[in-house]
Amino acid sequence: MVEINSTLFVEIILFVCLLFALNKIVYQPLLSIMTQRRKKIEDQTHQTKHISSEIETREHSIKDKIRSFKEKTDSNMQQALKDASHEYNSRIHSITEETEKDFQLFKRNLEQETESVLKELNSNIPAIAEQMLKKLLPVFLFLLISCTAVWASEISHSEHSGGISEFARIINFTIMIVLLYFLGRKPIST
């Protein structure tokens, strides 16, 4: 049981003094350190949130710049491709036109040359025909006479009379005359 006596009051006074002393020596500095620490943590949290929001803002800004740059690059690339395609098509078109013009010019020149060669050949046809006649007629006559001579000899051998017929003699005489004529002629100049 608790007795109430003078020591109780002394103990209460000592306890209050102890509380006062502990408050000044331990609790106040501990509370101030805890308050400073809490404030520091809050400040750091606030700074972290501020830095985090700034990082997000910069990140969005960078992403927007990258997107904008990419869009510009894509549009520039598309424009460059369109320009290159247009220039390619225009060059192909101009080359095609040049080639067509050159072909038409070549065709006209070829037609003109063909016409001039045909005119020249048409004007030279009588001379060419005459040269061909001079060169080929003797050969043709020789072949004709040779064939006739062979035919005549066959006719003469087929007769059983034992001699040459009158017709075969005429043919042989004609062959000799023609051969002498050709041998006596001058060669045809080219």
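Every number in this text was worked out from the coordinates using simple rules, so none of it is lab data. Everything numeric here is computed off the predicted structure, so don't read it as measured data. FYI the Cβ positions are ideal-geometry reconstructions off the backbone, even for glycines, and counts take in every protein chain you see.
Here residue 63 is the anchor, and the lysines within straight C-alpha reach of less than 19 Å, apart from those fewer than 8 places off in the same chain, are 72. Straight Cα distances below 29 angstrom link residue 119 to the lysines 101, 107, 134, 135, with same-chain residues fewer than 8 positions distant left out.
Magnitude of the charge dipole for the stretch 29-97, about its Cα centre and with charges confined to Cβ atoms of Lys, Arg (+1) and Asp, Glu (-1), is about 600 debye. Here residue 178 and residue 116 are evaluated by their C-beta separation; at R0 = 30 Å the FRET efficiency comes out at 0.10. Straight Cα distances below 24 angstrom link residue 40 to the lysines 24, 49, with same-chain residues fewer than 8 positions distant left out.
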